[in-house]
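Beneath this line is the structure, given in structure tokens, with notes to follow.
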Amino acid sequence: MDSLTQFALGAAIGVAVMHRRTKPWKAALIGGIVGTLPDLDAFYDHGDAVANVTLHRAQSHALFWLTLASPVVAFIAAIAARERENVMRWWAAVWLVLITHPILDWFTVYGTQLLRPFTDFPYAVGSIFIIDPLYTVPLLIGIAAALMLRNAKGFRWNLAGLIVSTLYLGWSVVAQAHIRSIAEASLRAQGQTLEHLLVTPTPFNTVLWRVVAVTPDGYLEGFRSFFDGTPAMTFDRYPRGEDLYETVRDFPSVERIAWFTQGLFKVGERDGRIVVSDLRMGQEPYYSFNFVVGQRQSPVVAAVPPQRFREQHDVRRGLAWLWPRMFGEQIPPPR
């Protein structure tokens with residue numbers, strides 16, 4: 001999730017666990033700071049663009065390592081708060097803040113390597129967008145109430161914010177399962193053979209969902225809103241670049257992208273450059289993560305150090321489409 005949400009979650013947990021053992025502002029500030037610590041790995045350069053993306057949410061998001069680090073971080077927090085006598089309570093707060101960070105990230109589609117060092121599998125539920133105000137706002141309201149009221153009522157507001165945000169997270173999983181059932185039924189009715197299926201929300205909501213179905217000869221993309229009146233989904237078909245993929249599949253960077261996306265990627269060529277795109281984040285034809293992995297040197301393709309390939313996205317057009325489509329208006333997405 002975004003940094004503001006992780007700060008808010010950490011602050012809310014800090015206030016809830018420390019309760020009257022410290023001043024609410026201390027619990028919120030320290031909890032919020034601790035809640036953002038795992039994402040500092042984004043500033044570390046692993047050597048190339050693919051490594052930087054696929055090793056984000058890795059060691060710093062592993063439950064095992066965060067648990068080991070929690071007493072050290074808690075001791076520093078207790079010293080910063082000038083409350084060494086409360087170090088055990090700070091330990092409980094810090095541990096909960098640290099492990100809930102990657103657990104919340106797990107619900108996004110990016111991929112979080114929760115169980116390192118035992119496995120590097122990138123776990124992803126994909127039921128919530130990386131920024132969702134309906135998750136974050138209840139946390140912010142609860143924290144604000146706790147800081148302003150500084151009494152039992154304020155603590156209850158903070159707890160209520162945590163409960164509401166957690167219930168919303170649960171709703172996202174239920175909503176995803178419902179949309180998945182509709183997508184699977186629609187694809188079966190169309191006689192599609194599926195290799196991979198992705199169901200994930202569009203930006204900032206859990207009403208309109210994007211479905212990507214990888215088939216042996218390409219991939220399908222469709223959208224489904226809870227306000228849609230038709231019983232079945234419609235899909236647009238796109239090439240996935242299977243022939244080009246066979247040319248570059250043994251490149252280490254391509255192998256790593258294929259692993260990280262769990263098969264949800266496409267390969268294309270732009271002015272002689274071979275570009276691999278992560279199909280999970282974005283929508284056709286605009287994707288958040290595109291990597292140049294090769295250069296055509298006719299008749300062969302040579303591997304190159306992977307680098308990000310950045311495209312211009314018309315965000316205004318996308319947002320203008322999102323709102324009416326969310327409420328069931330059958331309009332094509334911007335291309």
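The values are calculated or read from the model by the stated rules, or taken from the named source; none is laboratory data. Not measured: the values here are computed from a predicted model. Here Cβ is always computed from backbone atoms with ideal geometry, including for glycine, and neighbour counts include all displayed protein chains. Ligands, DNA and RNA are excluded from the accessible area calculation, which covers all protein heavy atoms including side chains. Shrake-Rupley method; radii C 1.70, N 1.55, O 1.52, S 1.80 Å.
Just need log10 I(q)/I(0) for the chain at q = 0.06, 0.11, 0.14, 0.15 Å⁻¹, Debye formula, equal scatterers on the alpha-carbon atoms, no solvent, rounded to two decimals.
Reported log10 I(q)/I(0), two decimals: -0.25, -0.80, -1.14, -1.23.
Rank-order 295-308, 87-100, 46-59 by packing density, defined as the average count of other C-beta atoms within 10 Å over each peptide's residues, highest first.
87-100, 46-59, 295-308
Once ligands and nucleic acids are excluded and a 1.4 Å probe is used, how much of residue 311 is accessible, expressed in Å² to the nearest 10?
50
Given contacts defined as C-alpha pairs under 8 Å and at least six residues apart, what's the relative contact order of the chain, whole-number percent?
Worked out over the chain, it gives 13 percent.
Given the rule -39500 (n - 2.57) for each run of at least 4 DSSP H residues, summed and divided by the residues of the chain, what is its mean residue ellipticity at 222 nm, to the nearest 500 deg cm²/dmol?
-15500 deg cm²/dmol
Long-range amide H contacts for residue 265: which residues qualify at under 5 Å (H placed 1.01 Å from N, peptide plane, sequence gap of 5 or more or a different chain)?
Correct list: 279.
Less than 12 Å Cβ to Cβ from residue 192, Lys/Arg counted +1 and Asp/Glu -1: what total charge do the surrounding residues give?
It works out to a net charge of -1.
Which percent of the accessible heavy-atom area of the chain goes to carbon and sulfur, probe 1.4 angstrom?
After summing per-atom areas, the C and S share lands at 64 percent.
Out of 45, 271, 243, any idea which swings most in a Gaussian network model of the chain, alpha carbons joined below 10 Å?
Looking only at 45, 271, 243, the biggest GNM fluctuation is shown by 271.
Cα convex hull of segment 148-230: mean projected area in nm², to one decimal?
The orientation-averaged projected area of the Cα hull of segment 148-230 comes to 7.2 nm².
Distances longer than 24 Å among the Cα atoms of segment 35-145: what percent of all pairs is that?
Tail fraction, whole percent: 34.
Taking every pair of alpha-carbon atoms in segment 218-335, what share in percent sits in each 5 Å bin, from 0 to the bin with the longest distance?
Distribution as computed: 2, 10, 19, 20, 16, 12, 9, 7, 3, 1, 0 percent.
Can you give the log10 of the normalised intensity I(q)/I(0) at q = 0.17, 0.20, 0.21 Å⁻¹, computed with Debye over equal Cα scatterers of segment 72-213?
-1.06, -1.23, -1.27
I'd like the accessible area for residue 226, computed on protein heavy atoms only with a 1.4 Å probe and all protein chains in place. Round to 10 Å², please.
Looks like 80 Å² after rounding.
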